[in-house]
1. If the Cβ limit is 9 Å and pairs must be 6+ apart or interchain, which residue in the range B:29-53 that is of a type in the set (S, T, N, Q) and open to solvent by 20 Å² or more (accessible area, probe 1.4 Å) pairs with which residue that is modelled with pLDDT of 95 or more and part of a loop (DSSP other than H, G, I, E, B)?
2. If only one of B:TYR63, B:TYR67, B:TYR85 is in contact with a Cys (Cβ under 7 Å, 6 or more places away or on another chain), in contact (Cβ under 8 Å) with a residue 12 or more places away in the chain and within 13 Å of A:VAL35 (Cβ to Cβ), which one is it?
3. Being surrounded by 15 or more Cβ atoms within 10 Å (Cβ to Cβ) and part of a helix (DSSP H, G or I) is the filter here; which residues of the range A:10-27 pass it?
4. For the range A:70-93, how many residues are open to solvent by 60 Å² or more (accessible area, probe 1.4 Å) and of a type in the set (Ser, Thr, Tyr)?
5. Any residue at all in the range B:13-33 that is within 14 Å of chain A (Cβ to nearest Cβ) and within 15 Å of A:PHE37 (Cα to Cα)?
6. Taking only the range A:54-69 into account, find how many residues are surrounded by 14 or more Cβ atoms within 10 Å (Cβ to Cβ) and within 14 Å of chain B (Cβ to nearest Cβ).
7. Which ones in the range B:78-99 are among the aliphatic types (A, V, I, L, M), at pLDDT 95 or above and within 14 Å of B:GLU68 (Cα to Cα)?
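The values are calculated or read from the model by the stated rules, or taken from the named source; none is laboratory data. The shown structure was predicted, so the numbers you read here are calculated from the model rather than taken from an experiment. Counting neighbours? That spans all protein chains shown, and the Cβs are built from the backbone with ideal geometry, glycine included. What goes into the accessible areas is simple: the full protein's heavy atoms, side chains included, and nothing from ligands, DNA or RNA. Shrake-Rupley method; radii C 1.70, N 1.55, O 1.52, S 1.80 Å.
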There are 2 protein chains.
Amino acid sequence: MSEEHPVLGLERAAMARWCNGDPGGFLEISAPDVVYFDPMLARRLDGHAALTAYYKPIWGQIYAERYEFIDPRVIAAGDCAVLAYNFNSWGGSEDALRWHCTEVYRRDAQGWKIVSTHWSYAAKP
Amino acid sequence: MSEEHPVLGLERAAMARWCNGDPGGFLEISAPDVVYFDPMLARRLDGHAALTAYYKPIWGQIYAERYEFIDPRVIAAGDCAVLAYNFNSWGGSEDALRWHCTEVYRRDAQGWKIVSTHWSYAAKP
């Protein structure tokens, strides 16, 4: 087994904050030129300022009692690392929210930063 | 204006074939270790063989009379290039299918290959 890629720890730490109402973890590790998709958006968001503005109204609004990363995989290529995983989260109801997630991290002098986030709904199993 | 990044031409050529019933264009430019998400999947697909098997039954089944790439953006980082775009396609009905797409290309000795594909539905505008 290879050692865990460092972006996995970054993602887990940001997700723990996210699931406790704090989008700041992801904002702190997102690059100035980040691009972002999720199912609530008609169009792509471009840039850290746009993502910050998008997250502002949901600060303190998102809580998951329980969540799980399913089979995360990292494809490393030089100064980039693609992290792809399924993600299930449980809030107040019994049904899980089921997600697909792809993050692209880029390494610079300050470390690994997210340059692309893509969240979408997974089909029911 | 910078010159167009080469992955854009690759994507457009593969998409022209896709929209004419031929998934082979994307398969030819996908890497052995490609990871793949779309909304019909409950879980991520891993690897070129899995993607080939997944596309096999839809060969000749997908046609779009018209389609458009909306605002494609490339984030280049060394031997990786992230291509993110909105995509609308029209088949037999009036309503467009509206997509988010993120492709990650990695450059090797043979050229640029896709290592990650993520297709999802965009929200209605």
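1. B:THR52/B:PRO23
2. On the way: B:TYR63 fails: within 13 Å of A:VAL35 (Cβ to Cβ); B:TYR67 fails: within 13 Å of A:VAL35 (Cβ to Cβ).
Of the residues listed, the single one that is in contact with a Cys (Cβ under 7 Å, 6 or more places away or on another chain), in contact (Cβ under 8 Å) with a residue 12 or more places away in the chain and within 13 Å of A:VAL35 (Cβ to Cβ) is B:TYR85.
3. As a first pass, look at the range A:10-27 and keep what is surrounded by 15 or more Cβ atoms within 10 Å (Cβ to Cβ): A:10-11, A:14-15, A:17-19, A:22-23, A:25-27.
Correct list: A:LEU10, A:GLU11, A:ALA14, A:MET15, A:ARG17, A:TRP18, A:GLY25, A:PHE26, A:LEU27.
4. 1
5. Of all residues in the range B:13-33, those within 14 Å of chain A (Cβ to nearest Cβ) come to B:30-33.
If we keep only those that are within 15 Å of A:PHE37 (Cα to Cα) too, we end up with none.
Within the range B:13-33, none of the residues are within 14 Å of chain A (Cβ to nearest Cβ) and within 15 Å of A:PHE37 (Cα to Cα).
6. As a first pass, look at the range A:54-69 and keep what is surrounded by 14 or more Cβ atoms within 10 Å (Cβ to Cβ): A:54-55, A:62, A:64, A:67, A:69.
Pick out the ones that are also within 14 Å of chain B (Cβ to nearest Cβ) and you get A:54, A:69.
The qualifying residues number 2.
7. B:ALA84
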